[in-house]
Structures are given as C-alpha cells and as structure tokens.
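The values are calculated or read from the model by the stated rules, or taken from the named source; none is laboratory data. Just so it is clear, the model here is predicted, and its values are computed rather than measured. For neighbour counting, all protein chains shown are included, and Cβ atoms are generated from backbone atoms with ideal geometry for every residue, glycine included. Note: accessible area is taken over every heavy atom of the protein model, side chains too, but ligands, DNA and RNA are not part of it. Shrake-Rupley method; radii C 1.70, N 1.55, O 1.52, S 1.80 Å.
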Amino acid sequence: LACLVWPDLALKRSTPVLDELRKALLDERKLALDDEDEIVWAHACRALFFARSAELEPPHAERAQAKLAEIARALGAAQLQSGGWRHEYPNAFTTGFVLHALHRASPHGGALPQEDRARAAEALARVRGENGAWPYGFGRPPKQPIGSACRAPWCELGLFVSERSDAARLESALALAFEHHAALAAVRRYDDHADAHGHGG
C-alpha cells in the first residue's frame, strides 16, 4: 500500500514491486483460507490496497473492483451472527478495522449490504464506554480508557465511518493512542499485552 501511495519513495523499483505484490494479492491460493483465526486480516488489508489501486491505477481499476467484490463477499460470509468479526475470538477492534476497510472498498465494488454494516456498527456501539474505553473482546469496557489505548482508534473509526460517532470522539481516541505510544512501542517486540495497563490489542 505504501509503494502504491508513495511510488516516488522508490521510483525505479516501485513498478516491478507493485506488479509482483498485486499478483500475489490477487491469488487466493496464497491465503490460508481455512484459518478462521486470522483470515479476516488478509481480506480487510487487501481491501485497503485494492481500493487505492482502483483510485490511483486506471489500468488496474477493473481488476481491483472485481477483487473487491470477492473480498466483500468473503467478509460478509465471515461476519458473525452478533454483527461483529473475529480475530481468534469476536472482538471490537477487528470489527472496527473491517468496517473501515469496507467503507474504503464500497465505492469501488466492495460493498456489504447496509443491514450487515448496520449490525456491525450496533455491535460496536453496544460495547463502547462513555469515557472512550473499549473492551478487548465484546465484553464490558475497562474502567479507564488507558487500557484500550492501542485499539481505541480502530474501534472509534469503525463507528465514525458508520455514522455512529463524531470527529471529536475519533480525535480523542487518536490522542489517547499517541499519548501512550511510547509504552506500546517499548513492549511491541516482546508482547503487546505486557504493559501494566494491558494496552495491547
């Protein structure tokens, strides 16, 4: 995605690299489709790439749109009855990320039915703490927002693109993440959950 958005960073190499990456991202055989724990990331992250490809690469737009339709169907099939999505288990930050990816993909052929997006937004809205705290899964949010510093931006963004939040709440979530970025960076290589506040996830 970085190579696509900022090709001038490696202009001589970006075209062949993008061609190779695009070929891999289009190939479903490259995916561990039976891995229910992590497959959601393969679909959602590819959706972000192909949405930008549809916007920035006219020669590849038609193929990107076709792939986005496939990805949207896969994400729709992976949606839980509760409305959210799972990463190892149902959780809010995965749901927020998927809603963002679908929001980006929607204008380019990667739309999910409105009722399905609304179910996901409702699942997210039910677990948001009034103070901006978010649970790790879909349970009760922590008492203090500090424990959800890492996941708050994705969760809030999911609500924002679903028109269930506003710019002030999203800004607060981002500010919280940046405020505790140093603590997150310090434990990232070992364990994102290692901090005393349980920042990770």
Using protein chains only and a probe of 1.4 angstrom, how many square angstrom of SER82 are accessible, to the nearest 10? 60 Å²
Longest principal axis of the chain (C-alpha) makes with the long axis of helix 11-26 (C-alpha) an angle, in degrees to the nearest 10, of 80 degrees
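Order the following by accessible area, largest value first: HIS43, HIS60. Probe radius 1.4 Å; ligands, DNA and RNA are ignored.
On the way: HIS43 15, HIS60 65 Å².
Greatest to least solvent exposure: HIS60, HIS43.
Just round it to a whole percent: the fraction of Cα-Cα distances in the range 1-55 exceeding 13 Å.
Values: 933 of 1485 pairs.
Value for the range 1-55 (Cα pairs over 13 Å): 63 percent.
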Cα shape, the range 17-147, gyration tensor, a/c 1.5 rule: prolate
Would you mind telling me which residue in VAL17, VAL127, VAL40 has the biggest mean-square fluctuation in a Gaussian network model of the chain, where springs connect alpha carbons within a distance under 10 angstrom? VAL17
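Calculate for the chain the 222 nm mean residue ellipticity that helices alone would give, adding -39,500 (n - 2.57) per DSSP H run of length 4 or more and normalising by residue count, nearest 500 deg cm²/dmol. It would help to have the intermediate numbers written out before the result.
On the way: 9 runs with 115 residues, N = 201.
Here the helix-only value at 222 nm equals -18000 deg cm²/dmol.
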Express the relative contact order of the range 13-158 as a whole percentage, based on alpha carbon pairs under 8 Å and six or more residues apart in sequence. 21 percent
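When the dipole is taken about the Cα centre of the chain, and only Lys, Arg (+1) and Asp, Glu (-1) are charged at their Cβ, what size is it in debye, to the nearest 20? Show your work: numbers first, answer last.
On the way: 24 positive and 27 negative charges, 24 e Å.
For the chain, the charge dipole is close to 120 debye.
May I ask you to rank TRP154, TRP6, TRP134 by accessible area, largest first, using a 1.4 Å probe over the protein chains only?
Working: TRP154 95, TRP6 140, TRP134 0 Å².
Solvent-accessible surface, decreasing: TRP6, TRP154, TRP134.
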